[in-house]
């Protein structure tokens, strides 16, 4: 669990109860944190129709990330920060999502490689109750991707392996752009063992096997050439995770992957209620 949790400074009017909480997992991201948080917060304020909360989840950074995050919390409405002493993207998401009171929880990478125009289509079906899990995809028709050949081949090979070994119906398990309804994520988290990069895949496999409705949104994605992801090391750990799930699978229920319709804006919802209509 987080060791610290910064909310609104004393004397500031409390922010409305969020309908959507977006987590930004970070580790030593002093160069990109401010631009990422300000860009995301600005987009949410301009486009999204319901209250949102941006949570910076710091995984034990040793650079200026905590100080920059604290400044952003003080300056921006709808931003908070939690601190974990151990690294691991999955660990950060587990900690924040399990404690969240928002009806919809989401996450994205701090570099905002995924175009924010896809955010409305990502969360809209969760708020109106037509899906349980939403996934950004770079590998489905309608997606626009700029990345090197090496990452393209690895990504397509990885997802093909998932389809063959675990029967996954999701086209892109690794895209750092996902959202889940709160009751669903709380059911899935105990089924997920990984606390690192494989967390995403394991969550989706569990959702698939439990029969939750999974939707996909084609995204615009531009490769960050300064990414901290170590491809070979991450790939090996992912292969270990796939082998573990093959040996000890989550019991399968009926599954179904649906294609989400593009939505220009988030459907209307009652922002003051902790559970918004069908999203609860």
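Rounded if a/c is under 1.5, else prolate if a/b is larger than b/c, else oblate: which is region 29-159, with a ≥ b ≥ c the root eigenvalues of its Cα gyration tensor?
Oblate, because a/c is 1.5 or more while a/b does not exceed b/c.
Quick one: the Cα spread of region 4-261 along its three principal axes, in angstroms, biggest first?
Sorted from largest, the Cα extents of region 4-261 read 55, 37, 34 Å.
Given the peptides 214-224, 149-159, arrange them by the average over their residues of other C-beta atoms within 10 Å, most packed first.
Taking the mean over residues of other Cβ atoms within 10 Å, the ranking is 214-224, 149-159.
Order of 191-204, 37-50 by packing, highest average Cβ count within 10 Å first?
The densest-packed peptide leads the list: 191-204, 37-50.
Would you calculate the separation in nanometres between label points at residue 151 and residue 46, each defined as 7 Å from the Cα along the Cα-to-beta-carbon direction?
2.4
Note down the nm distance, to one decimal, between modelled labels 7 Å out along Cα→Cβ at residue 99 and at residue 235.
3.7
What's the extension gain from residue 224 to residue 248 if we count 0.36 nm per residue and subtract their Cα-Cα distance?
Between residue 224 and residue 248, full extension yields 5.2 nm more.
Consider a paramagnetic label point 7 Å from the Cα of residue 35 along Cα→Cβ; state which residues of region 144-160 have an amide N under 20 Å from it.
145-148, by backbone N distance to the label point.
What is the gain in length, in nm to one decimal, between residue 140 and residue 161 on full extension, counting 0.36 nm per residue of separation less the C-alpha to C-alpha distance?
5.9 nm
I want to check the label-to-label distance for residue 187 and residue 87. Put each point 7 Å from Cα in the C-beta direction and report it in nm to one decimal.
3.5
Bear in mind these aren't lab numbers, they're just calculated from the coordinates by the rules spelled out. Everything quoted here is computed from the prediction, not taken from an experiment. Ideal geometry is used to build each Cβ from the backbone, glycine not excepted, and the neighbour counts take in all protein chains shown.
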